[in-house]
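Have a look at the structure below before the remarks.
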Amino acid sequence: QTALIHRFNGIPFTTRSSPDLLKSLDAFDAREDDILLVSYPKSGTHWLAQIIMQIYTPKVTLTSPIEFGDISRVEELNNLSSKRIIPTHLDYNMLPSNFKVKQCKAFYIIRNPKDTAVSMYHYYRDNPNLPTIDSWTVFLELFLRGDVVCGSWFDHFLSWEEHKNDRNILFLFYEDMKKDLPKVVKKMSVFLGVNISDREIKEICEKSSFTEMKSNVEKENSDPNHTVCALTSNRKLIFRKGAVGDWKNHFTPKENKMFEEMFKKKMKLSELAKHIIYEYHIQ
Ligand code: A3P
């Protein structure tokens, strides 16, 4: 059970991220044209990856996360000759400094943390790489304490939010994508400097719908060496419900109150948190 998890820099990782690899990351060789897809787990990373891979018509490679596997993976990523789209769940402090120096473009996708917590709870239940959890109530406590894989949602978010004015980082909201996907796809393409027509945007949105992605994944075999999320290579575990507001089916009023107190305390100074609160009425 606990053997599935080890800590690095105080943050819980699964054994699918080896300590040696994590130790070596700061020396990672970033390239100016790398694109990072950054998220806390269960925020819509696969969805974002699906869209980006369609925006780019020239040959690009969606790599595994930089924190996935053992030290031999670094060489594999180094050997790729095409442009790299690199997913990661690392917080800003742990991101290899080369990406910062080279000002690589990055997307940071955010989802209402209540829905993220619920999604992660189900992931813990379904994913054999994660420890067993007794109940939702127990999980929520761990989540609020940051005692889950990838650490505290709040700290992860805040570490990236500090860079919200960096011109090379684009913040996206899962809820905005649910509300008006064509608008978000357009914004993404402008940020990437790729010209796409309205028709192409429509096609991208169709191919990135939850139903389409879920049914496609049922047909494919998973490749153990490749993954978008370092926590599993089995994409069948990813497409559960894809909804906004599922937290209402899980939180008791008392749990909701506890969550909001924590949210207010941690997010006091956060501009983006206001967007989550006022735009999506998370309360
Ligand atoms: P749920 O568990 O709430 O269904 P990640 O890709 O970061 O692991 O996030 C997984 C979450 O994103 C899951 O949430 C999954 O269903 C949702 N998701 C994946 N593809 C989606 C899509 N095309 N549209 C909406 N939600 C999607």
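The values are calculated or read from the model by the stated rules, or taken from the named source; none is laboratory data. It should be emphasised that the depicted structure is a prediction, and the values quoted were computed from it without experimental measurement. A quick note on method: Cβ atoms are made from the backbone with ideal geometry, for glycine too, and the neighbour counts reach across all protein chains shown. The accessibility values were calculated without ligands, DNA or RNA, using every heavy atom of the protein model including side chains. Shrake-Rupley method; radii C 1.70, N 1.55, O 1.52, S 1.80 Å.
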Quiz prompt | Selected residue [farther than 19 Å from Arg235 by Cβ and out of contact with any strand residue (DSSP E or B) (no Cβ under 6 Å at 6 or more places or on another chain)] from Arg16, Arg31 | solution = Arg31
Quiz item: So Ser97 clears everything in (1) touching a Gly at 6+ places or on another chain (Cβ under 8 Å); (2) more than 25 Å from Met258 (Cα to Cα) except one condition, right? Which one?
Solution: (1)
Self-check item: Subset of segment 200-243 (residues that are within 12 Å of the ligand (Cβ to nearest atom), outside any helix (DSSP H, G or I) and either at positive phi or among the hydroxyl-bearing types (Ser, Thr, Tyr) (or both))
Solution: Ser208, Ser209, Thr227, Thr232, Gly242
Quiz item: Is there a residue being small (Gly, Ala, Ser) and under 19 Å from Glu161 (Cβ atoms) anywhere in segment 62-83?
Solution: no
Quiz item: Out of all the residues in segment 95-116, which are of a type in the set (A, V, I, L, M), under 15 Å from the mean Cα position of the chain (by Cα) and more than 10 Å from the ligand (Cβ to nearest atom)?
Solution: Leu95, Ala106, Ile110
Quiz item: How many of the residues making up segment 168-192 are touching a Lys or Arg at 6+ places or on another chain (Cβ under 9 Å) and either open to solvent by 40 Å² or more (accessible area, probe 1.4 Å) or of a type in the set (D, E, K, R) (or both)?
Solution: 3
Exercise. Mind listing whichever residues of segment 34-61 are more than 24 Å from Asp198 (Cα to Cα) and not in a loop (DSSP other than H, G, I, E, B)?
Key: Leu36, Val38, Ser39, Thr61
Quiz item: Would you pick out the residues in segment 26-54 that are open to solvent by 10 Å² or more (accessible area, probe 1.4 Å), near the ligand (Cβ under 9 Å from one of its atoms) and more than 14 Å from Phe171 (Cα to Cα)?
Solution: Lys42, His46, Trp47, Gln50
Quiz prompt | Flag for Arg167 being over 20 Å from Ile66 (Cβ atoms), among the charged types (D, E, K, R) and not in a helix (DSSP H, G or I) | solution = yes
